[in-house]
1. Does any residue in the stretch 194-221 that is surrounded by 14 or more Cβ atoms within 10 Å (Cβ to Cβ) and in a helix (DSSP H, G or I) come within less than 6 Å, Cβ to Cβ, of a residue that is at pLDDT below 95 and of a type in the set (D, E, K, R) six or more places away or on a different chain, and which pairs are these?
2. Taking the stretch 148-160 as the search range and keeping residues that are touching a strand residue (DSSP E or B) at 6+ places or on another chain (Cβ under 6 Å) and surrounded by fewer than 22 Cβ atoms within 10 Å (Cβ to Cβ), which one is farthest from Leu89 (Cα to Cα)?
3. Just a yes or no: is a residue in the stretch 43-50 outside the structural domain of Asn239 (by TED's automatic domain parsing) and in contact (Cβ under 8 Å) with a residue 24 or more places away in the chain?
4. Pairs under 9 Å by beta carbon, first residue in the same structural domain as Asp45 (by TED's automatic domain parsing) in the stretch 61-75, partner among the basic types (Lys, Arg) and surrounded by 13 or more Cβ atoms within 10 Å (Cβ to Cβ), six or more apart or different chains?
5. Taking Phe36 as the residue in question, decide whether it is modelled with pLDDT under 95 and of a type in the set (Phe, Trp, Tyr).
6. Which residues, counting only those in the stretch 248-260, are in contact (Cβ under 8 Å) with a residue 24 or more places away in the chain and surrounded by 13 or more Cβ atoms within 10 Å (Cβ to Cβ)?
7. I need the full set of residues from the stretch 261-303 which are small (Gly, Ala, Ser) and farther than 17 Å from Leu119 by Cα, in order please.
8. What tally of residues in the stretch 152-193 results from selecting those that are farther than 18 Å from Trp227 by Cβ and not in a helix (DSSP H, G or I)?
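The values are calculated or read from the model by the stated rules, or taken from the named source; none is laboratory data. All values derive from a computational prediction rather than experimental measurement. Here the Cβ positions follow ideal geometry from the backbone for every residue, glycine too, while neighbour counts run over all protein chains shown.
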Amino acid sequence: MFEWKVDALSKDTDLGQTEVSLLCFDARLAVPQSVFFAVRGNQSDGHQYISQAIAHGAIALVVEDASRVPSDYKGFVLTVPDSRQMLDLLAARFYDYPSQKLFCFGVTGTNGKTSITYLLEHILNDHKKMTGVMGTVNHRVGDQIWGSEMTTPDPVTLQKRLNEFIQHGAGYCAMEISSHALDQKRADSVHFNTTIFTNLTLDHLDYHKNMNDYFAAKQRLFSDLMWNSLKKPLFAVINTDDAYGRKIRLPEHVVGWSYGQEDADFQFKILKMSFSETEFELKTPLEKVNIKIPLTSTHNVYNVVASMAAAL
């Protein structure tokens, strides 16, 4: 537990300086000394569960509608325009801004996210750079493994995990960033060094209204989140064979590196492919090399080239 205190700004509370034990947006998880965030979702509204959080010991509430707070509540109430955004901001603060202490890679796109995070993990660990991975399959660093319930976790779990990566000796993190997470601002307080775009195909249109909205969510990683990153220098690695990749826009201070089979900074040409391996030529800003990998199919070459560019 971190010693994180809230200032009692209301005359209606006698909290003073009080240590916070937990941040939560699920009222069932509230405990004494916790802060509950009433987050509005697609299926439910956290304001409906304020009384439950209070009964479990929440000493502070972050809400969008203060009228939903019981009139006899003596704790601290912070009214904000967007509880979800405040959850992200305060989760980073609660865990002492762990992403600022790690070299962070963020991978987004319809396909290839998991493969690229695994490839980056392999490359960096092979170079004695302890790397944590956060994604669809699990979260892990070294021999430590945590389960994963979604591609990109909620802000509290995300910031907690980054801090645990540091405690386990990691200096690097490769994480999958889903369009849902970008739309819901789950990773907005992560300070990325390098972001990667794989491709965009028909998917998740049950959540996003159309492909334009789907792309707009992905674009946020390269515009909003990179704009707010305190890291220097900043890089974006983008598949420009993909039509949506060519639409990605970057802030002026972010260096963009393209990859693909067409004209690109990291341009590859497949030379041989069998059921067990692929050999390809790779032209980079530094040199031209022939590479052989124990993987087959073109999509794996894309993933390997993206990982190599990001690692470089």
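1. Taking only residues 6 or more apart or on different chains, the pairs are Ala217/Asp183.
2. Among those that are touching a strand residue (DSSP E or B) at 6+ places or on another chain (Cβ under 6 Å) and surrounded by fewer than 22 Cβ atoms within 10 Å (Cβ to Cβ), it is Ser148.
3. Kept after step one, since they are outside the structural domain of Asn239 (by TED's automatic domain parsing), are these residues of the stretch 43-50: 43-50.
Next, from what is left, pick out any that are in contact (Cβ under 8 Å) with a residue 24 or more places away in the chain: 46.
Looking through the stretch 43-50, at least one residue is outside the structural domain of Asn239 (by TED's automatic domain parsing) and in contact (Cβ under 8 Å) with a residue 24 or more places away in the chain.
4. Note: pairs meeting the criteria are Glu64/Arg40.
5. Details: modelled with pLDDT under 95: no; of a type in the set (Phe, Trp, Tyr): yes.
In short, no.
6. Keep residues of the stretch 248-260 that are in contact (Cβ under 8 Å) with a residue 24 or more places away in the chain, which gives 248-251, 254, 257, 259-260.
Of everything in the stretch 248-260, those that are in contact (Cβ under 8 Å) with a residue 24 or more places away in the chain and surrounded by 13 or more Cβ atoms within 10 Å (Cβ to Cβ) turn out to be Ile248, Leu250, Pro251, Val254, Trp257, Tyr259, Gly260.
7. Within the stretch 261-303, Ala264, Ser274, Ser276 meet the criteria.
8. Initial filter on the stretch 152-193 (farther than 18 Å from Trp227 by Cβ): 152-176, 178-180, 184.
This time we only want the ones that are not in a helix (DSSP H, G or I), so: 152-154, 168-176, 178, 184.
The total comes to 14.
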